[in-house]
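K.L.:
What follows is a single structure, and I will ask about it in a moment.
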Amino acid sequence: TNVGVHDNLTRDYVFIEKLELYGYHGDVPEEKVLGQRFEFDIKLFPQQPSLACAQRDDLNDTLDYTALIKEIEKMMQTKAFNMIETLANETAKCAFTIYGTDKLQAIQIQVRKHPPISQFVKSVGVNVFRTAHDLIE
């Protein structure tokens, strides 16, 4: 459980807001055939505050968000999941693979989609919070 985990997080985070990508994820057959837009909001919590990056002005001292965006784009083009919870979880795994647990402490991901449902809904989605400990299989 994540009780108390937030207390130990650094106050700094790197964020990606409203990353829009097209994909074929969903439980409804039409979603897998027609596809739809997905929106990602992501917060990357580093192991250390971004003070070193701010002082040295060096990309190696932070979490380079462009690396994660490229991997999410690749995943959206090559995979199809039934559940957006799985999409969010796989995104978290991808981030820990890219940055490693020595640089990344936790990630928060919100994934939204605009489903072909009859009700008037702007979007539906999930919000997940993962640490490296959560992803150990």
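The values are calculated or read from the model by the stated rules, or taken from the named source; none is laboratory data. Since this is a predicted model, take the numbers as computed values, not measurements. In this analysis, Cβ positions are derived from the backbone assuming ideal geometry, glycine residues included, and neighbour counts consider all displayed protein chains. The accessibility values were calculated without ligands, DNA or RNA, using every heavy atom of the protein model including side chains. Shrake-Rupley method; radii C 1.70, N 1.55, O 1.52, S 1.80 Å.
K.L.:
Do you know which residues across region 90-103 are in contact with a strand residue (DSSP E or B) (Cβ under 9 Å, 6 or more places away or on another chain), more than 16 Å from residue 16 (Cα to Cα) and modelled with pLDDT of 95 or more? Steps first, please.
P.N.:
We begin by selecting, within region 90-103, every residue in contact with a strand residue (DSSP E or B) (Cβ under 9 Å, 6 or more places away or on another chain); these are 91-93, 95-96, 98-99, 101, 103.
Next cut, more than 16 Å from residue 16 (Cα to Cα) only: 93, 101, 103.
Within region 90-103, 93 is the sole residue that qualifies.
Residues checked against (1) aromatic (Phe, Trp, Tyr); (2) closer than 30 Å to residue 11 by Cβ; (3) over 11 Å from the mean Cα position of the chain (by Cα):
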residue: 32; (1), (2), (3): no, no, yes
residue: 46; (1), (2), (3): no, yes, yes
residue: 71; (1), (2), (3): no, yes, no
residue: 82; (1), (2), (3): no, no, yes
residue: 92; (1), (2), (3): no, yes, no
residue: 103; (1), (2), (3): no, yes, yes
residue: 113; (1), (2), (3): no, no, yes
residue: 134; (1), (2), (3): no, yes, yes
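K.L.:
Would you mind stating whether residue 52 is more than 24 Å from residue 133 (Cβ to Cβ), at pLDDT below 90 and not in a strand (DSSP E or B)? It would help to see each step written out before you state the result.
P.N.:
On the way: more than 24 Å from residue 133 (Cβ to Cβ): yes; at pLDDT below 90: yes; not in a strand (DSSP E or B): yes.
The answer is yes for residue 52.
K.L.:
Something else about it: When region 27-57 is examined, which residues are found to be over 22 Å from residue 127 (Cα atoms) and surrounded by fewer than 12 Cβ atoms within 10 Å (Cβ to Cβ)?
P.N.:
Those that are over 22 Å from residue 127 (Cα atoms) and surrounded by fewer than 12 Cβ atoms within 10 Å (Cβ to Cβ): 29, 30, 33, 34, 51, 55, 56, 57.
K.L.:
What's the number of the only condition in (1) open to solvent by 50 Å² or more (accessible area, probe 1.4 Å); (2) touching a helix residue (DSSP H, G or I) at 6+ places or on another chain (Cβ under 8 Å); (3) not in a strand (DSSP E or B) that residue 60 fails to meet?
P.N.:
Of (1) open to solvent by 50 Å² or more (accessible area, probe 1.4 Å); (2) touching a helix residue (DSSP H, G or I) at 6+ places or on another chain (Cβ under 8 Å); (3) not in a strand (DSSP E or B), only one is false for residue 60: (2).
Okay, residues lined up against (1) assigned to a loop (DSSP other than H, G, I, E, B); (2) among the small types (Gly, Ala, Ser):
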{"position": "16", "(1), (2)": "no, no"}
{"position": "22", "(1), (2)": "no, no"}
{"position": "42", "(1), (2)": "no, no"}
{"position": "67", "(1), (2)": "no, yes"}
{"position": "73", "(1), (2)": "no, no"}
{"position": "81", "(1), (2)": "yes, no"}
{"position": "98", "(1), (2)": "no, no"}
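Conditions tested, residue by residue: (1) over 17 Å from residue 134 (Cβ atoms); (2) open to solvent by less than 50 Å² (accessible area, probe 1.4 Å); (3) of a type in the set (A, V, I, L, M, F, W, C).
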| residue | (1), (2), (3) |
| --- | --- |
| 65 | yes, no, no |
| 74 | yes, no, no |
| 79 | yes, no, no |
| 85 | no, no, no |
| 91 | no, yes, no |
| 94 | no, yes, yes |
| 97 | no, no, no |
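K.L.:
Further question on the same structure: So which residues in region 116-133 are open to solvent by less than 40 Å² (accessible area, probe 1.4 Å) and within 30 Å of residue 52 (Cβ to Cβ)?
P.N.:
128, 129, 131, 132
K.L.:
To continue, here is another question. Kindly indicate whether any position in region 104-115 is touching a residue at least 60 places away in the same chain (Cβ under 8 Å), surrounded by 17 or more Cβ atoms within 10 Å (Cβ to Cβ), in contact with a strand residue (DSSP E or B) (Cβ under 6 Å, 6 or more places away or on another chain) and among the basic types (Lys, Arg).
P.N.:
yes
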